[in-house]
Each structure stands twice: as structure tokens, then as C-alpha cells.
Amino acid sequence: MELERIPVDVLGVAKTYADGTRGLQPTTLHVEPGEVLALLGPSGCGKTTLLRLIAGLESPDAGGRILFGGQEVTQRPVEQRGVGMVFQSYALFPQMTVEANIGYGLRIRGVAAAEERRQVGELIELTRLGGLEKKRPAELSGGQRQRVALARAVAVRPRVLLLDEPLAALDAKLKESLRDELAELLRRLHITAIHVTHDQQEAMAIADRLAVMSAGRIVQIGHGETLYRSPQHSFVAEFLGRVNRLERTPEAVRQGVLHIGGACIDCPMAWRDHDALLVRPEDIEVGPPQAGWGEARVEQRTFLGDRVQLRLRAEGQPPLVADVGRDSAFRAGDSVGIRIEPARLMSAARPPEGARPAAEVAPMNPQESAA
Amino acid sequence: MELERIPVDVLGVAKTYADGTRGLQPTTLHVEPGEVLALLGPSGCGKTTLLRLIAGLESPDAGGRILFGGQEVTQRPVEQRGVGMVFQSYALFPQMTVEANIGYGLRIRGVAAAEERRQVGELIELTRLGGLEKKRPAELSGGQRQRVALARAVAVRPRVLLLDEPLAALDAKLKESLRDELAELLRRLHITAIHVTHDQQEAMAIADRLAVMSAGRIVQIGHGETLYRSPQHSFVAEFLGRVNRLERTPEAVRQGVLHIGGACIDCPMAWRDHDALLVRPEDIEVGPPQAGWGEARVEQRTFLGDRVQLRLRAEGQPPLVADVGRDSAFRAGDSVGIRIEPARLMSAARPPEGARPAAEVAPMNPQESAA
Amino acid sequence: QTAICYNCPTEWADWGTQLRAIKAKTGITVPPDNKNSGQALAQLVAEKASPVADVTYLGVTFAIQAQKEGVVEAYKPAAWKDIPDGLKDPAGQWFTIHSGTLGFMVNVDALRGKPVPKSWADLLKPEYKGLIGYLDPASAFVGYVGAVAVNEARGGTLDNFEPAMTYFKALQKNEPIVPKQTSYARVLSGEIAILLDYDFNAYRAKYKDKANVEFVIPSEGTIAVPYVMSLVARAPHAAEGKKVLDFVLSDEGQALWAKAYLRPVRAGAMPKDVEAQFLPAAEYARAKTVDYGRMAQAQRAFSDRYLKEVR
Amino acid sequence: MKAAATTHPRWLLPACLAPAAVFFLAFWLLPVLRLVALPAAQGWQTYLAVLTDSRYLASMLDTLALSLAVTVATLVLGAAVGIYLARHAFPGKRLLLSLLTLPLSFPGVIIGFFVILLGGRQGLVADLGAAFGLERITFAYGLLGLFLSYLYFSLPRAIATYAAAAEAMNLQLEEAARSLGASRLRVMRDVWVPELAPTTLACGAILFATSMGAFGTAFTLASKFEVIPITIYNEFTNYANFALAASLSIALGLVTWAVLFMARHFGADPTR
Amino acid sequence: MRTTTTPAPFLLSITLLVSLFMLAPMLLSVMAGLVNNYSAGLKSGLTLRWLQEVWEVYGSTVGWSIALALGCVIGTLLLGVPCAYALARSRTRSARFFEELLTLPVAVPGLATALALILAYGQLTAFRQSFAFILVGHVVFTLPFMVRTVGSAFQREELRALEEAARSLGANFRQRFLGVLVPAVFPAIVAGSLMVFTLSVGEFNLTWMLHTPLTRTLPVGLADSYASMRLEIGSAYTLVFFIVILPVLWGLQYLAHQVQKHHGT
Ligand SMILES: Nc1ncnc2c1ncn2[C@@H]1O[C@H](COP(=O)(O)OP(=O)(O)OP(=O)(O)O)[C@@H](O)[C@H]1O
Ligand SMILES: Nc1ncnc2c1ncn2[C@@H]1O[C@H](COP(=O)(O)OP(=O)(O)OP(=O)(O)O)[C@@H](O)[C@H]1O
Ligand SMILES: NCCCCNCCCN
Ligand SMILES: [Mg+2]
Ligand SMILES: [Mg+2]
């Protein structure tokens, strides 16, 4: 199944709801043809608002423009935008069979019955729903429903696929396996897609690029790996994974170092004058006490299967969490050595409110509005 | 707050529901005083049924017996068993404030108002709910509700604390942080507790021992680490984490080895004649191609933040998933070497139906019923 | 001291004034009650085992039916001998207290310039389309009285309702309004311009409510009907009930009826000034009486036939 | 989770049920059973009066037809208004909704009179007609008047029910249909109708039941169209014929109850 | 649910039309009750004399009707709430049968129910002649509405959990029923009460047979005044009905709304 691939441009689009809530601050965004972009952020940050604006389910405040393939669609209602949508609750038509759900858009378009059957059959195969054609949504498992919703959305050969937390309703185990499946399917369809989620692993697994949102704006946009490793804001760092906050005394700041369990770590130039830095649990190396390493005591050890989580107490720092390999022999009460590669330290600074989103791949910005 | 600690014994208890469903096969279980036991298993396996039988909310089929501290309580209704319960939905009384909810059991017992206030105050502190005393459940966040439910359950100084999926209603991020908090709280209370969940990480983080259930029976019981590393059934292995299934040709079986990407791995004695084995993603070592290692091609690389997941294709095996460090430089298309420590291999055998649960710490079994 | 009277509505026959007078003169409180005759009868039958009411006021045919059902009891009030025969049950199970004459109650304004109809035949003229009302003959006593009146006027008898049936069928072309209960107010408001109704209602509208209302006794003739009262069998307050019955037939009670334009059963009780407000006696000469016992017997068959044929 | 049979003492539920059961038995069931036995005294065929007497049969069929028509019309209009009110915010909406549902508490008599105020000879419509030089249009006493008055007392229930149901409707289903290109009409057919089906069934059943039993309205309007409650009333008051009135009541009760039962059987509870 | 700003001209016009149809008669009748002469219209001048007249003749029916409706609410609460609980928790065939029976008074014509009551209890004179007789009829008729509204609330899964939670904390039946269950279904109880009040206050079919001249209710009085009095008086009576009923209904609705907000999770 080959679908059209177009770029999507959102230009200075903002949304103020009828009750005065600013659902989205003026936002500019470029999605490459065939790219999968994830909108990631905590609840209420405006992900759904942005997605619905792109879909045409909400109309933007005056001045905002939305282009599909360079063509303005701002005034077009959802029926005429040629988008496919997958909703969090899947929104499958409960009275229709799997087949009828998937073929719905085609029937609306007056596609002949035989042709509809053919195309639906193809999608059923693609989404591995064979044998379930005659079932109704209520008889399907969560994962099967999700696939029907996806098949229904792509059946009409949309130019843009929009997904609003398509995995949120599933339980953890199923989520993980469907995540990989969805990633694969999107890659196979090779369609321009925008995928909303608040689960960072899901975003990283599925999307080519991530746009991290907070309080109605995009705070950083880029590849998952870049964002995870070099977040430009503590918010992004915290949102993409667990972090430990490392405090620096005024003296340490003056010396350009960081004290931890008696050891002294050089601070990267960029964060020299910050009074706190961040480090991820898996970036704290834990070994037997040794020279040059900091000293710490294991307060708690939690076996989590693929890894062991240690809660450490090191002098001069709040409790730290370190993730170590699952064969780590350290137990609660042990004294251990810890070490942090300076390159792994991250900024704990909050950028000033209203700052322009930092973009790794600069979007083409014909007329970016003042934020 | 110091609570009584008693052992709990379940002796040949089974449950057949009114409609004929066998909710629980005859089951025997021993919980040590002060121990936290997790009942873990997929949906419908009978976890809730067993918990409700222990609580006294269901009555067992004839012949089953339940002892609290050696004393038979089988015929006692829940009101008189001295258990504390935390429900999945929390079941907080919606019209009562946090305070009133926590103090409900004390009021029922006719505790004087001043004494009630004192005890409730103590629990509010313990569960860090200070400042929320006058709020109603609807005004609380999920995590706060969960803590109120816990405080309410322990306020009556139960002899056994029963928790039915207390974290299931929370979103992933919150769940992870509350999991650790709950584990800590239970350890601080040091009360005999039984905790139902279908999330293996949660079970491992919170419980001293895990009882893995399937289709109405306990299939294995023991410490999390033991179960994770040496599951005696493929079901337990699969349930506690992701696994790869490794196939063995009849020839490999004869030779007592396993072929993977051209390499030959010695099979541990115990599984010598099994025609399939299991290995966890983090137990597949991936490095540059080298002598003695198997050869594989990276089909897909997914950056997940704290680790990178590689889908590998190795000769003679179905696609494998390997978890590697997040700095791994391998990309899709690369040729890599793979290696598996034989000790990491696990059995893929399914035990015969109705087998006695394998118990690491053998429960005292005065009269185990025939399964 | 209370007596319950069924079917004594304040707004009908000026029972309101009568009830006040009863209270003043006998000290007995009689609460007003808004049933019609049929409703009162049904209630009496339903409550036969343990009556609520002490006395009841009924259209004569309903009284005859009540007698058959055994829900009334004989009582001869003080003025018994003044009541003409034929207007009372010989045993005293019911006796007339006053009577009315059926005719046309016409709201002249509502005719909007059309002439006031003078005869049954006039009503069939197309010019009165939409202006006529009569109470449902199958449902209200007044309605049945109207049917008997037109039947007699157009040559029928209590054994032959053919003329009435033909007449009502013809009248349907004029799209009459057929309410089930007294519609005095609707005539006043002009909703109904011509209503088959009693003289006393028309006079009340004309003299008391100062409406431009005329009463017409149709040229082909009509009938007069007695309204009667009875003591209820096993009345809970029989003594008070009897006092009430005595009062309504007393000089004072009868005068009150007359002032409400109901012809009192004791002819001597009619004050001259009131008499003057009635149509002249010559007109009333066209108002006949009928055998009310047979009129009661014929009612069921007529209603069934009316319901089947007039649609 | 399936309903858990939490262990209660055996006597508990019967004890909770007892007051209502005793009351119902004493003040409805036994008296009504006695009433049901009444027609037998006049011969068992009295029970079949509604079938054997063409007038009663016609009256019953007319009532059925009227109730059915009113139910359908009310459902359509009530759904439209309910959905609109649930969807759109405007000042005074709560007031409007409560005014629209107020007639739930009106006795039928008032409603009959309202229709006369609207469509009687002195009614609003006639006055308006006259003002525009047309003839005085009256419809209060005809079938249309009866229909409108039934509509009047049915609409409030439908509006309230549909407003609540529409409030709970899954907006995403509609958006999904629209994103697939569905027109408004298609959305109505494929999303609204199925989603509101249980409400429609439940509400339709209670509307039908209320219409079948409506008395005061028909009584006030007294159109020539005779509905069965009026027939019962006539038997009752004109001839004190309790047996026949009881027989007709049983027939009416059976029809109405059957409709309510069917609605519940198909999973919609009208009295909820 | 979110409200939308999408215009819906078709729905809007139906809504306007229906609103007009529903509200116009109310306005007309309020006006009719306040003018000197309805046929003459507003130019005949406004007056309160009809209201006054109604108040004199029928004033007592207002108080009795409200008392009756409140009594009916209390009666259905006392009988209906425990009954709803029992029916929600019991899955026996006989419970389902009883539930079915309970709805019969809704299906059977009021006239018949009333007749049955009179035939069965008419001879208990003191009872027959008191408002209690009407009250009994109203309770029988409105009970199913209360039972079903509250029963469906009791059936909610979370209610079972609440009850079990209370049990696990040691509460006996009375404690958990009054302390936990009833407060938890309070919104349904208020909704049911509102429904019962509404039905009782407007009930005519039953009341018409059950009342005696000494026990008249508002609807019975209304029927009287429409049947036999001036249009203006009937309308003024309707106005009295509005004036009396509206605040009570709105008060109850407000309460229901508050409770809903308070309990909303
Ligand atoms: N229809 C609406 N009317 C008023 N405010 C709204 C509306 N929809 C959303 N909002 C508000 O706009 C903001 C952004 O909401 P949005 O639904 O886009 O968040 P989100 O990022 O999708 O959150 P979630 O992860 O919870 O779905 C929030 O403050 C929300 O309360
Ligand atoms: N009240 C009941 N009546 C009949 N069958 C029941 C009842 N409760 C549970 N069951 C059945 O008993 C089996 C075990 O159910 P149980 O609720 O104990 O599972 P569980 O392990 O808690 O599942 P979940 O993770 O979904 O909560 C299931 O097959 C279930 O359908
Ligand atoms: N209370 C709702 C109005 C229903 C009208 N039904 C007619 C019965 C006559 N009073
Ligand atoms: Mg959202
Ligand atoms: Mg469970």
C-alpha cells in the first residue's frame, strides 16, 4: 500500500478556547514528507489541541495558518482535509464489524463494493487481522482494536495520519509489544504522521523526531537520541527519563567542579556557573570503592529484572538513584564507589518562559510569529 | 506505628463461582509474619479471587481452610477478620474528607474523637498527606488517593494488609514513583501483606516473595530474583520479562548444543534435551564480529533512552531482540557479533497442567489437597 | 358539623351562595365538590360499602340510576308535599329541588354580526360553522338532555332516537366543539358562540357577568329537566345531611335558587323581580317534560349509538 | 468484574425488600387482583370486550396509533433539541432546560388548556391568522390538537433524557466519522442513531406508556377522537360499570406493560 | 462533554421551534391570569384579583399538594431505597419478578388503580377521608421510579467496592448502609426524589378518583377551575401553580446539581 507523502506546516497557530483557556501558544512547526513526528509532553500541555488544529477539528485563532503540501487548508473542515485519525479510545463504530469499520471511509466515498472488499482485505492482511473480519469491536482485544482503528484511518489513503495517544488505553505489557508493531507499520506505510503521547519510550520507539511540549508551547524539537542526551532544558531532561539532581555549593561553582561523595568532578564548560546539574540513573557508575571515585552507601536495592536500582547516599548530595546491571552484587548497607563521566552531566536550568523552541533541524520559517 | 505480625495460611482453598466458573483451583499458600507477598499473573488467573477469599469477601468451596496466626478464620466474615484492604479503585468514600476516610474504621470501633484525631494525624504524617486533611477524594490526585486508601486500611491496625492492584489506575510515570514509595511504606509498617498485581516490575519492587499464578493456580513461588533468573516454567520466564525463543534442530539437541548465527553454544545440562530455550534481551551480548561469536545483522535499532533495542537476524533462529547500552553505535544494516553466556539460557518447557507449584521456600503443608 | 355533598360545585347553580347560607343558617359546613352527576354516581357506587357522602345532587336520570344501585336512601324533607308528583320518587329516594330548561346560550358578540339563531334548524345553516358547541351526549348529562330535547322537538320519542341521530350527523358539518364538562367560561370568552345549555347559565352570564348573552328557546320546542337531591344510603352524617336537604327546599333556600335563575321546585318561592328577568312564560310554554324514568333507561342505548354513528 | 456475591446474612436482603413488598402487596397487588376478578362476575367474555366490541376495539386501535405517532415525533424532536442543548453553550441554557422540562409536573388538564390557548378559536394562532387577514385557524379540538397536546407533555421527558444522553455521547466517534469524510447526515445515521439507540428505546417506551394512559389532556380537549382512557372513564362515570371499566383497564395495562417489558428486555430501562 | 462552536442550523431551528411551542402557552396562560378580560387582551388592564380569588377558593390545595408530594418523596425513600438495594444485590428470579411487578402501576390506568384502592379500603372511613389515602396511591405509582433510579446507582461496580471497603473496616450493615452507601448514591436519591416530587405534584389520574371534597389537591382544583370557571381564573390558578412549584423544583434541581458536582469523580 503506497500512500502520498506531503510536508505539513503549522505557521503561527494558536488556540484560545471559548472559555478563555489558551490551549496552545502561537506555534510554528514543520513536518517533513513521510516523517513520523511525536508530540510529547505532560497532561494539559496542548498536544491534543495542536493535533486537533492540524486535523481541522478545532479552528485556530486568527492569524494562524496550516499548510498541507504547501497548500493552505486552514479553513477546510476535517471532512475535506484528507487526514486519517486514530483516537485514544479508538472510537470504533460499535455496531459495525471489523470489515465495515475499516471500509467505512471507502463507502462514504462511494467506492464500489468489490473494490472496497479488495482494499479492506489488503488492510486486514497488513494489520494482521485475518479471521476477525466479522467480529464487532466489543469482541476484540485492546491491541486488535488499535489495529482496526489504524486500518480504518489509512483505508482512505490520507495525506497525513494523526494519532492521539493510540496506546494509552492498553496495559503495560501489551503497550510495549504494540509500540514496536506500530512503529514498524508506520515505517512500512511511510506516511507523514503526527503521533501524540505522554510516554517518552513510546515516542522514541515510534517517531523520527520528537517535539517536547510544555504549557502550550514546543520547548524542544529533534531526534530522540539528541533530546535524551543533550536536552537544552531541565524540563526536557526530566520528561524523557528519570534524572538525579546534583547540587553545587557556591564554592564548587567558583572552582568549576562538582563535589560528590568526596570526589571532585570537572564541570563541562557550558554549565560551569549553574548551581545544579542533572545526571541520569544509568550514567552513575557504581563499583567497589576505589581511588578517584566518590564514596556512597547503598540505602536500598531493588531488583527490577533487567536491572537493579540502587538508592545511594553520597556526601554533599541528596539521595541518588543509580541503575546498574542486574548482576550487580551490591546490597543495602554496602559502601560503594561512584563515578560520573563529566560528559553525561546535563543542565538543570529552566529556560526563560516564552523562549523560542530550540530546534535541531531548523524548520523552514516563512513567517514565524512572535511568541 | 507498630502493627501485629502474623502468618497467614491458605490450606487447600478453592473457589467455584455460582455460575460454575472455577475462579481458583485448590491452593495452599503460606505467608510469613511481616512478609510482603505478591500475587502476580495475567488477567483472569485468579489473583483477586484468592485475595478476596483471604479477606473473607468470598467463601471458599467446602474443604478449604484459612488460618490467621494459626487460628481458623474460614467462617468469619470480613468485618471480623481484622484485615485492611486497598482496592484497585481505592473505594474511598466520596462524601467524606481525607480525615474522615482515614478515621472511618476507628469511628466504627467507637474510638473517642480525640484519640481518633491523634491516630489519623499520625497516619497523615506517615503517608505525607499533610495539608489535605479537609479535601475530598474527588479533589485528590491518583497518588494521593492511593495513599489515603492505604492509610485508611492500616488505621484499624489490621493483622493482614491486602492490596488489589493498588497502582493499576495510575499513569506510567506516577506508577513508577509510587511503586517505590509503597514499597518503602510497607517495609516501614512491617506488616504481613498480600499484594495483587499483573506488573512484574511492581511485584519485584514491592514484594519479598512472588507467587506467579496462571489459570487458577500458583505455578511458582519465590524471591523475584530467583524467579527471574531461574524460572521453572516458560510461563514464569515470559511473564517476568521479555524473552527470545531459541530453536534447536534435532541435530543440535543430539549434540547438546545450540546454534546461533554460526556459533555453537553449549547447552546447560538441565535443558540438554529441550528443543527450544529462552534468553532475555539483555542477556544477548552484542559486539563487533569476532571469532567464537555468532554472526547477526541488525534489522532495526530503537533508541529507548536508557538503552537501545536491536532487532537482530541470526542464521538458524527467529528474529531476536537484544537490549544493549545506550551508547551502542550499531545501526540498522550493520553486521554484528553476538554471544550468549550458557548460564543465561532458560527452559522453554511448559510444565504439565496441574503440577504442584514449585516453591523455593517450601510452605508448611499440613494437608495439601489433591489438585 | 359537616355534611359532604357530592356534585355541589360553587360555580354551578350558585351552590357557592347556597353553601354559605347553609353554614349561616344551620351551622353545617358543606365543602364544595366539583364532580358532575356521572362522576358523583360512580363515586357513590364505588364507596357503597362505606360512603363518604351524606347527600348528593344529581341530574334526574342519574338519581334514578342511583336508586337502582341502592346507593341512596328514602327521606322526605320538610317541604315534601310542595313538590309536585312526577318530580319526586314516591318513597323519597330522590326529589327535585329546582329545574332548568335547555336552549341556546348565545354570546352575541362572538357571532360577529350574524343573526341569533332561533330554531334547531337554524343551527344547521352553514353560517354557524365553527360557532356551535354542545356537551358530549355520551358523556355529560346536559349533553343527553340536549339530545332528548332535539329528538322530541323533531318528532322523536324516547323509543325512537332517529331524529336526534340524523340531526347530530347533519350538525357535524358545522364542526361543533363537543366538550365533556360544563363550558360556561368558554361561552363567556367567546371560544364557543352558541352552546346548548340551560337557561340559568345564560341568565347568569347576562345579568351577573354582564356579558352580551342571549337565551333562546328553540321554536320547535325543548325540554325542562329537574335537578334532584337524595340522602346517601348509610350516610356517615345522616342527621346533618337531612338538615341540608331541608334547607335547600326551605323558602330561603328556594329563593336563593331562583336568584341564581334556577326555577325553584316550589313555584311560590319565585320572587317577582327575578321572574321578570326570565324569558316570558309564553316562550317557556314550548318546554315540555318527559318521563324521566324512561329517559334514564334509554340513555345507554342512545350513547352507544351516538358514539358509533356520529364521528 | 462479574457481580460478586458478597457474603451477606441470608435474611438481610429479604428484610430490605420487605417494607416495599408489604406496601405494594397491600396497596396495589391485592386490590388490583380483586379488581381484575370483577369482570368475571359478568361472564368471562367481559374480559374480551376490547376485542369483541367494535367500538372499544376502534378506540384501542386509535389510541395505539396516536400514541405511536406521538412517540415517534417526540423522539425525533426531543433528540434534536436534547443534542443541541448538550452541544452548545449559551447564556440562559440551564434556565431554558429547566423551563422545557417543567411541564413534567403539569397535570394533563393544564396541557389540554394550553393547546386551547394556542389553537382554540380565541387562540394565539387564530389571532395571528386574523391579524394577517386569514380566517381564524383552529386546530385544538381536532386530531391535530390532541396530537400537539400529547407532544407537549411528552417532549419534556424526551428533551431531558436526550440532553443527558447526548452529554454522555462519545464525541470522538463523531469526529472519527467526520475525519473519514462523513457528511452530517451520515454522522447522524452512523453515529448518533446507534449511539442513542438504548436511550431511544427506553425513552420511547415510557413516552408510549404515558401517552396510552393520558387522561386529563384528552378530557380537557374532548376532541371527537376517543382515546381508551376516556372510554374507560365514560363506562365508569356514566353507567358505574366497573366490570367493563376494569376489563378495558386490564387491556390497556397489558398493552402498556408489554411495551415497557420489551424495552427492558432489549436492555433499556424506561423507568430509569 | 465539551461543547462545540460548530453551527448546527437545522438543530438550532428545531430547538427554537420546540422552545416556542413549549414556552408560548406558559406565557399566554400567565398573561391570561393577570388581565382583566382575556378576550379583550392586555388592553383590558392588568389585575391581581383573579389570583386573589384563586387563593381564597383553592389556597389550601397548594399547601396540601406540596405536603403530599413531600410525603410521597419521604414514603418512596423509606420504602424504595432499601428495596432498590435489595434488588440490586439479589440475582434471584423472584427478585426480578418483583421488580417487574413494581412497574405495573405505571402501566395500569390510574383510574383502575384508584378504583381498586377504593373498593379495597373505602370502608376504612377515617383513612378514606384523609390525605393518607391519596398519599398511598401516589406512593404506589411513584415507587418504581425511585426504586429504578436508585437501584441503578446501587448496581455500579464502585458501590460494591465501597461497601466491601466499609466491611473490611468493620462496619456492620446499618453503619455501612447509612454511612457509606446512601451518601454514595445520594445524587441518584436526589434525582429520584425530584422525579417523585414532580410526578406527585402533577398527578391527576389517580387523585381525581381518590380525593374527597375535603381532600383536594392542586391538579384536582385546577381541573375544577378550568371546567367551571372563568378562563382568567383557570389561568390565574395555573400561575399559582407556577409560582408555587417552580421554586420548589428549582431548589431541588439546584440541590441535585450541587450534589452531582460534589460527588463527581
Ligand atoms: N474544549 C476545551 N475548552 C476549554 N479548554 C480546553 C478545551 N480543550 C482543552 N482545553 C485546555 O487546553 C489545554 C490543553 O489541552 P490539551 O487537551 O491539548 O492537552 P493534552 O496535552 O492533550 O493533555 P492530555 O495528555 O491530558 O490529553 C488544557 O489546559 C485544557 O484544559
Ligand atoms: N463473581 C464471579 N462470578 C463468576 N466468575 C467470576 C467471578 N469473579 C471472577 N470470576 C472468574 O474467575 C476467574 C478469576 O478471576 P479473578 O478476578 O480472580 O482474576 P484476576 O487474576 O484478579 O484478573 P484481573 O487481573 O483481570 O483482575 C476469571 O475467569 C473470572 O472470569
Ligand atoms: N405529568 C406528566 C404529564 C402527563 C400527562 N398525562 C395525562 C394524564 C392526565 N392528568
Ligand atoms: Mg490529549
Ligand atoms: Mg483482579
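When the stretch D:31-40 is filtered for residues that are surrounded by fewer than 22 Cβ atoms within 10 Å (Cβ to Cβ) and either at the interface with chain E (Cβ under 7 Å from one of its Cβ atoms) or polar (S, T, N, Q) (or both), only D:Arg34 remains.
Listed by position, the helices (runs of 4 or more DSSP H) contained in the stretch C:175-250 that have at least 2 residues being in contact (Cβ under 8 Å) with a residue 60 or more places away in the chain and out of contact with any helix residue (DSSP H, G or I) (no Cβ under 8 Å at 6 or more places or on another chain) are C:199-203, C:238-249.
Of all residues being open to solvent by 10 Å² or more (accessible area, probe 1.4 Å) and on the phi > 0 side of the Ramachandran plot in the stretch C:8-58, which is modelled with the lowest pLDDT? Just the residue, please. That would be C:Asp14. Among the residues in the stretch D:72-82, are any modelled with pLDDT under 95, assigned to a loop (DSSP other than H, G, I, E, B) and not polar (S, T, N, Q)? No: zero hits. In the set E:Leu135, E:Leu79, only one residue is part of a helix (DSSP H, G or I), out of contact with any Phe, Trp or Tyr (no Cβ under 7 Å at 6 or more places or on another chain) and open to solvent by 20 Å² or more (accessible area, probe 1.4 Å); that residue is E:Leu135. Pairs meeting the criteria (first residue in the stretch A:120-142 and on the phi < 0 side of the Ramachandran plot, second residue in a loop (DSSP other than H, G, I, E, B) and hydroxyl-bearing (Ser, Thr, Tyr), beta carbons under 7 Å, at least 6 apart or on different chains) are A:Glu133/A:Thr97; A:Lys134/A:Thr97; A:Lys135/A:Thr97; A:Arg136/A:Thr97. Number of residues in the stretch E:108-119 that are more than 10 Å from chain C (Cβ to nearest Cβ) and open to solvent by 20 Å² or more (accessible area, probe 1.4 Å): the value is 1.
On inspection, A:Asp171 does not qualify as within 16 Å of ligand 4 (Cβ to nearest atom), within 13 Å of chain B (Cβ to nearest Cβ) and in contact with an Asp or Glu (Cβ under 9 Å, 6 or more places away or on another chain).
Residue check: E:Val201 meets all listed conditions (1) part of a helix (DSSP H, G or I); (2) more than 7 Å from every other protein chain (Cβ to nearest Cβ) but one, namely (2).
Conditions tested, residue by residue: (1) within 16 Å of ligand 1 (Cβ to nearest atom); (2) hydrophobic (A, V, I, L, M, F, W, C); (3) open to solvent by less than 10 Å² (accessible area, probe 1.4 Å).
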{"residue": "B:Glu2", "(1), (2), (3)": "no, no, no"}
{"residue": "B:Thr48", "(1), (2), (3)": "no, no, no"}
{"residue": "B:Leu57", "(1), (2), (3)": "no, yes, yes"}
{"residue": "B:Pro60", "(1), (2), (3)": "no, no, no"}
{"residue": "B:Gln80", "(1), (2), (3)": "no, no, no"}
{"residue": "B:Ala91", "(1), (2), (3)": "no, yes, yes"}
{"residue": "B:Asn101", "(1), (2), (3)": "no, no, yes"}
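Restricting A:Glu122, A:Glu115, A:Glu133, A:Glu139 to residues that are touching a helix residue (DSSP H, G or I) at 6+ places or on another chain (Cβ under 6 Å), over 29 Å from A:Gln200 (Cβ atoms) and more than 16 Å from ligand 3 (Cβ to nearest atom) narrows the list to A:Glu133. Within the stretch E:16-75, the set of residues being surrounded by fewer than 13 Cβ atoms within 10 Å (Cβ to Cβ), in a loop (DSSP other than H, G, I, E, B) and at pLDDT below 85 comprises E:Ala40, E:Gly45.
Do you know which residues across the stretch C:152-180 are out of contact with any Phe, Trp or Tyr (no Cβ under 7 Å at 6 or more places or on another chain), open to solvent by 40 Å² or more (accessible area, probe 1.4 Å) and closer than 21 Å to C:Gln299 by Cα? Passing the criteria: C:Gly155, C:Thr157, C:Asp159, C:Asn160, C:Glu162, C:Thr166, C:Lys169. Checked across the stretch C:277-296, the condition of being within 14 Å of chain D (Cβ to nearest Cβ), open to solvent by 80 Å² or more (accessible area, probe 1.4 Å), more than 27 Å from C:Asn174 (Cβ to Cβ) and of a type outside the set (A, V, I, L, M, F, W, C) holds for no residue. Looking at B:Val236, B:Val253, just one residue is part of a helix (DSSP H, G or I) and open to solvent by 10 Å² or more (accessible area, probe 1.4 Å), and that residue is B:Val253.
Would the stretch C:256-267 turn up any residue that is outside any loop (DSSP other than H, G, I, E, B) and of a type in the set (D, E, K, R)? Checked the stretch C:256-267: at least one residue is outside any loop (DSSP other than H, G, I, E, B) and of a type in the set (D, E, K, R). Answer yes or no as to whether D:Arg94 is in a helix (DSSP H, G or I), open to solvent by 50 Å² or more (accessible area, probe 1.4 Å) and more than 27 Å from D:Ala246 (Cα to Cα). Here the answer is yes, as D:Arg94 does meet what is asked.
Yes/no matrix, rows are residues, columns are (1) within 16 Å of ligand 3 (Cβ to nearest atom); (2) more than 11 Å from the chain's Cα centre (by Cα); (3) open to solvent by 10 Å² or more (accessible area, probe 1.4 Å):
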residue: A:Leu163; (1), (2), (3): no, yes, no
residue: A:Pro166; (1), (2), (3): no, yes, no
residue: A:Ala183; (1), (2), (3): no, yes, no
residue: A:Ala193; (1), (2), (3): no, yes, no
residue: A:Asp199; (1), (2), (3): no, no, yes
residue: A:Ala207; (1), (2), (3): no, no, yes
residue: A:Met213; (1), (2), (3): no, no, no
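D:Gly145 passes every criterion in (1) within 18 Å of the chain's Cα centre (by Cα); (2) in contact (Cβ under 8 Å) with a residue 60 or more places away in the chain; (3) more than 19 Å from D:Pro229 (Cβ to Cβ) apart from (3). When you scan the stretch E:195-210, do you find a residue that is open to solvent by less than 10 Å² (accessible area, probe 1.4 Å), of a type in the set (S, T, N, Q) and within 26 Å of D:Leu118 (Cα to Cα), even just one? So far as the stretch E:195-210 goes, no, none of its residues is open to solvent by less than 10 Å² (accessible area, probe 1.4 Å), of a type in the set (S, T, N, Q) and within 26 Å of D:Leu118 (Cα to Cα).
Checking the structure you have, find out if any residue of the stretch E:154-177 is under 30 Å from D:Ala209 (Cα atoms), at pLDDT below 90 and polar (S, T, N, Q). Yes - at least one qualifying residue is present in the stretch E:154-177.
Among the residues of the stretch B:35-45, the one identified as open to solvent by less than 10 Å² (accessible area, probe 1.4 Å) and not hydrophobic (A, V, I, L, M, F, W, C) is B:Gly41. Just give me the residues in the stretch C:13-33 being closer than 17 Å to E:Gly221 by Cβ and in a strand (DSSP E or B), in sequence order. Within the stretch C:13-33, just C:Asp33 meets the criteria. Taking the listed residues A:Glu122, A:Glu116, A:Glu72, the one that is open to solvent by less than 60 Å² (accessible area, probe 1.4 Å) and more than 26 Å from A:His198 (Cα to Cα) is A:Glu116, with no other qualifying.
Every residue in the stretch B:49-65 that is facing chain D (nearest Cβ under 8 Å) and farther than 16 Å from B:Glu165 by Cβ, please. Across the stretch B:49-65, the qualifying residues are B:Gly56, B:Glu58, B:Ser59.
Residues in the stretch A:266-302 that are aliphatic (A, V, I, L, M) and within 31 Å of the chain's Cα centre (by Cα): A:Met269, A:Ala270, A:Ala276, A:Leu277, A:Leu278, A:Val279, A:Ile284, A:Val286. Return a yes/no flag: does the stretch E:122-142 have any residue that is closer than 24 Å to B:Gln95 by Cβ and more than 14 Å from chain C (Cβ to nearest Cβ). No, every residue in the stretch E:122-142 fails to be closer than 24 Å to B:Gln95 by Cβ and more than 14 Å from chain C (Cβ to nearest Cβ).
The values are calculated or read from the model by the stated rules, or taken from the named source; none is laboratory data. Values in this document were obtained by computation on a predicted structure and should not be read as measured data. Here Cβ is always computed from backbone atoms with ideal geometry, including for glycine, and neighbour counts include all displayed protein chains. Please note that ligands, DNA and RNA were not included when accessible areas were found on the heavy atoms of the full protein model with its side chains. Shrake-Rupley method; radii C 1.70, N 1.55, O 1.52, S 1.80 Å.
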